Amino acid sequence: MMLADRVQIEDVATLSDDWYVLKKTTFRFLRADGTWQRQSRETYDRGNGATILLYDLDRRTVVLTRQFRYPAFVNGYDDLLIETPAGLLDKATPEERIRAEVEEETGYRVTDVREVFDAFMSPGSVTERIHFFVGSYTAADQVSSGGGNADEGEDIERLEPTIEEALAMIADRRIRDGKTIMLLQYAALNIFDDCRQAKR
């Protein structure tokens, strides 16, 4: 049986269509015991996105950003958030979007990008699926100062820690962003081999 056979949509109401789209859906779900249960859920649809970790194996560095995130601030985080460059797809392919986004945010124009996985980051309420990329870079790839799009409210600082420094920033909680933690752990396990050996 397909999952679609276990879900019967009864009503969909749009609660907000301002920044993104918030909907309330009432549906019936066929439980494992064979009974149908009526449920309602709110879903926030902001589209899908992409994120990337740039790395330089020779210098053992990675590229991160730091910027203001109001949702984190209003939830008690009194600092700028450290993240991997990221953006919404906006009808582009994930690879097209991440190449443009990383240049806009960091100033690096990179050609070597590869998708390593994708994930739903908050599937209890947010529909967004994020495509995760890694890519190598060198100092010669910098074509601008980056900083993001001021018209969209972005004021982005570029950071360039070593992989060891970045992992330490997870341990001491300077890095709190989920997608960034995932990509740094991926890099430690799959790109910087000696990091993997050190964890054994």
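The values are calculated or read from the model by the stated rules, or taken from the named source; none is laboratory data. The model shown is predicted, which means the values in this text are computed figures rather than measured ones. Virtual Cβ from ideal backbone geometry, glycine too; neighbours counted across all protein chains shown.
For region 35-44, does any single residue satisfy the condition of being assigned by TED's automatic domain parsing to the domain that holds A188 and without any contact (Cβ under 8 Å) to a residue 60 or more places away in the chain?
no
What residue, among those in region 1-55 that are under 24 Å from G87 (Cα atoms) and small (G, A, S), is surrounded by the most Cβ atoms within 10 Å (Cβ to Cβ)? Write out each step before concluding.
Initially, region 1-55 is screened for residues under 24 Å from G87 (Cα atoms), giving 16-23, 42-55.
When the remaining residues are screened for being small (G, A, S), the result is 16, 47, 49-50.
Details: S16: 11, G47: 13, G49: 22, A50: 29.
Per the stated criteria, the residue is A50.
Kindly provide the set of residues from region 53-84 that are more than 30 Å from L15 (Cβ to Cβ), of a type outside the set (S, T, N, Q) and in contact with a Leu (Cβ under 8 Å, 6 or more places away or on another chain), ordered by number.
Passing the criteria: L53, V62, V63, L64, R66, I82.
Let me spell it out: the conditions are (1) among the aliphatic types (A, V, I, L, M); (2) over 28 Å from the mean Cα position of the chain (by Cα); (3) under 30 Å from D172 (Cα atoms), and L30 meets all of them except one. Which number is the exception?
Among (1) among the aliphatic types (A, V, I, L, M); (2) over 28 Å from the mean Cα position of the chain (by Cα); (3) under 30 Å from D172 (Cα atoms), the lone unmet condition for L30 is (3).
With respect to L22, determine if the residue is of a type outside the set (S, T, N, Q), more than 30 Å from A139 (Cβ to Cβ), outside the structural domain of E154 (by TED's automatic domain parsing) and in contact (Cβ under 8 Å) with a residue 24 or more places away in the chain.
On the way: of a type outside the set (S, T, N, Q): yes; more than 30 Å from A139 (Cβ to Cβ): yes; outside the structural domain of E154 (by TED's automatic domain parsing): yes; in contact (Cβ under 8 Å) with a residue 24 or more places away in the chain: no.
Taking the combined requirement at face value, the residue does not satisfy it.
Of these, A119, A166, which one is part of a strand (DSSP E or B) and either within 27 Å of D45 (Cα to Cα) or in contact (Cβ under 8 Å) with a residue 12 or more places away in the chain (or both)? Step through it out loud before you land on a result.
Numbers: A166 fails: part of a strand (DSSP E or B).
None of the others qualify; the one that does is A119.
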